[in-house]
1. Name every residue in the stretch 182-210 that is of a type outside the set (A, V, I, L, M) and buried (at least 20 other Cβ atoms within 10 Å of the Cβ), in order of residue number.
2. Inspect the stretch 199-221 for any residue being polar (S, T, N, Q), assigned to a helix (DSSP H, G or I) and touching a residue at least 24 places away in the same chain (Cβ under 8 Å) and give the result as yes or no.
3. Hand me the list of strands (runs of 3 or more DSSP E) wholly inside the stretch 94-148 holding 3 or more residues that are under 12 Å from L8 (Cα atoms) and within 18 Å of the chain's Cα centre (by Cα).
4. Name the residue, out of G96, G140, that is crowded, with 20+ Cβ neighbours inside 10 Å and not assigned by TED's automatic domain parsing to the domain that holds G255.
5. Which residue, of L226, L256, is part of a loop (DSSP other than H, G, I, E, B), of a type outside the set (F, W, Y), out of contact with any helix residue (DSSP H, G or I) (no Cβ under 8 Å at 6 or more places or on another chain) and not assigned by TED's automatic domain parsing to the domain that holds G122?
6. Considering only the stretch 43-91, state which residues are surrounded by 17 or more Cβ atoms within 10 Å (Cβ to Cβ), modelled with pLDDT under 95 and touching a Lys or Arg at 6+ places or on another chain (Cβ under 7 Å).
7. Please specify each residue of the stretch 149-159 satisfying the condition of being buried (at least 17 other Cβ atoms within 10 Å of the Cβ) and either under 18 Å from the mean Cα position of the chain (by Cα) or assigned to a strand (DSSP E or B) (or both).
8. Run S157 past the list (1) farther than 29 Å from E50 by Cα; (2) touching an Asp or Glu at 6+ places or on another chain (Cβ under 9 Å) and report the number of the one that doesn't hold.
Amino acid sequence: MDIIQDYLSLAIQVAREAGDYARNIQRSELKISTKTNEMDIVTQVDSRNEQTIRDTVLSKYPDHVFLGEELGSSESSDDFGFSHARVRWIIDPIDGTVNFAHGLPIWCVSVGVEVNGTMECGAIYQPNLNEIFTVRRGHGAFLNGERISVSRVADASKSLFVTGFPYNVHQNPESVIEQFSSFLYKGLLIRRLGSAALDLAYVACGRFEAFWEIGLSPWDTSAGQLMVREAGGRVTHYDGTDYNIYKRSIIATNGLHHEMISDIIEGNNIKTSGTSSESVS
């Protein structure tokens with residue numbers, strides 16, 4: 001039996017079910033509330049989706065554990081669920097909640113599966129476009145069943161980049177405003193979608209050449225960072241070290257713009273911890 005493939009099949013199933021449910025609810029009345037920050041909103045769909053995903057997984061794998069944006073860690077350990085759990089499901093029930101709550105169709109459901117501390121597979125579902133991005137370590141990344149790869153565009157002037165900001169961007173954590181200005185002064189084409197998981201999926205399939213952001217959490221990047229790697233791209237932290245989903249900065253590129261982006265960030269003396277920020281999504 002190929003157990004990782006079973007996990008991937010289940011990740012696809014729960015991501016699709018959660019995304020389709022959310023899309024239907026978005027067309028009716030949403031209940032919107034805020035978390036600790038007024039910009040950090042949540043709807044009844046977020047917690048419902050995460051609980052439903054957990055329940056579905058537990059019905060098949062009762063010994064698995066979870067880490068999610070709304071319900072946190074199901075383990076008795078530190079904030080990000082560090083333990084020796086064999087299989088951990090890392091869930092963002094709605095990545096792009098601000099978009100979702102405003103009726104903007106740029107959001108997704110992201111589900112990643114970590115086995116013995118290694119990300120093995122995952123799925124990102126964008127229900128408004130009926131796009132399911134899937135990945136399995138060592139087997140490639142796919143969009144609706146077709147293998148994808150990163151862009152091979154090397155000319156920065158012909159490239160499209162994407163970034164995001166933490167909720168407390170007005171406080172300019174880690175000089176994020178100066179950092180963004182430096183990219184603009186380079187004359188680069190930059191977008192900001194409001195969903196880190198989609199940003200990564202779009203780097204993986206070549207729609208963007210690169211993505212960078214601080215203040216992210218494991219559920220934002222668990223599946224997407226693996227997709228970029230499996231699609232032939234490169235993923236690191238701001239300091240150039242190999243990417244770990246439990247740390248807060250990320251540069252994900254097609255590999256051809258990595259040093260340029262790192263140099264621009266370094267030129268602003270950006271710190272690499274990012275422990276006090278959360279992404280706007």
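The values are calculated or read from the model by the stated rules, or taken from the named source; none is laboratory data. Every value quoted in this text rests on a predicted model; they were computed, and no experiment measured them. With ideal geometry, Cβ positions are generated from the backbone for all residues, glycine too; neighbour counts draw on all protein chains shown.
1. Selection gives G194, S195, D199, Y202, C205, F208, E209.
2. yes
3. Those strands (runs of 3 or more DSSP E) span 108-115, 118-126, 131-136.
4. The match here is G96.
5. After ruling out the rest, the residue left standing is L256.
6. T43, G81
7. Result: V150, single match.
8. (2)
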